Amino acid sequence: MADNPRPSSPLFTHIDVSTHSSAERHLRRDDELKDVLLQLISAQDRQNELMEELIEQMSAAQRQRSAELAQWKQANPRLARQCREAAETLGKVQSIFLEAVTEEIKESSEDLMDGEFVLNEFVDRFGPRLAHLNGVLQVLSQLSANGQA
C-alpha cells in the first residue's frame, strides 16, 4: 500500500515570509485608490469651472440681447404694439391651422402608419408651413411690447 500513494490535500498552506507583508500591499492599493479619486475630483472641479464659464458667457449674451431688445422697443413703441397685435392674430391663425392638422391626422391615421408615401405627403404639405408660421410667430412675440424680457 505504500507503493500507491493517494492524492491528499496538503496539510500546510503557503506562508508568505517576504519582507512585503499583505498589510503593506493593502496600503499601496489604498494609496493608489486615493490618488485615482483625487484625480477624479480634480477633473470634476475643472469641469465645473468650465461649466460656470460657459453659463457666464451665455448669460452675458442673453443679457445683451435683452438690453438691445428693450432699447428697440423703447425706440419703436408703436411698432412693438403692432407686433403684439399681429402675434395675437397669428396665434389664432396658428390654432386654426393646428386644428386642421390634427383633424387631417385623425382622418388618415391608418394611412399615415401604413404608408411612407402618405406620411411624406403629409409632412410636405404641413411641415414647412408649420415651421415658418412658428418662426414668424416667435419673432413677432419677441418684438412685441407684451413679451419683455
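The values are calculated or read from the model by the stated rules, or taken from the named source; none is laboratory data. Nothing here was measured: the structure is a model prediction, and the numbers come from that model. Positions of Cβ are generated from backbone atoms using ideal geometry, with glycine treated the same way; all protein chains shown enter the neighbour counts.
If the Cβ limit is 9 Å and pairs must be 6+ apart or interchain, which residue in region 92-105 that is more than 18 Å from S141 (Cβ to Cβ) pairs with which residue that is surrounded by fewer than 14 Cβ atoms within 10 Å (Cβ to Cβ) and at pLDDT below 95?
These pairs meet every condition: E104/R125.
Look at region 62-113 and say how many of its residues are acidic (D, E) and surrounded by 12 or more Cβ atoms within 10 Å (Cβ to Cβ). Talk me through it step by step, then tell me what you get.
As a first pass, look at region 62-113 and keep what is acidic (D, E): 68, 85, 88, 99, 103-104, 107, 110-111.
Next, only the ones that are surrounded by 12 or more Cβ atoms within 10 Å (Cβ to Cβ) stay: 85, 88, 104, 111.
So the count comes out to 4.
For V118, state whether it is surrounded by 11 or more Cβ atoms within 10 Å (Cβ to Cβ), aliphatic (A, V, I, L, M) and in contact with an Asp or Glu (Cβ under 8 Å, 6 or more places away or on another chain).
So V118 fits the description; yes.
State which residue pairs qualify: first residue within 19 Å of S95 (Cβ to Cβ) and inside region 111-129, second residue acidic (D, E) in any location, beta carbons under 9 Å apart, and separation of 6 or more residues or different chains.
What qualifies is R125/E104; F126/E104.
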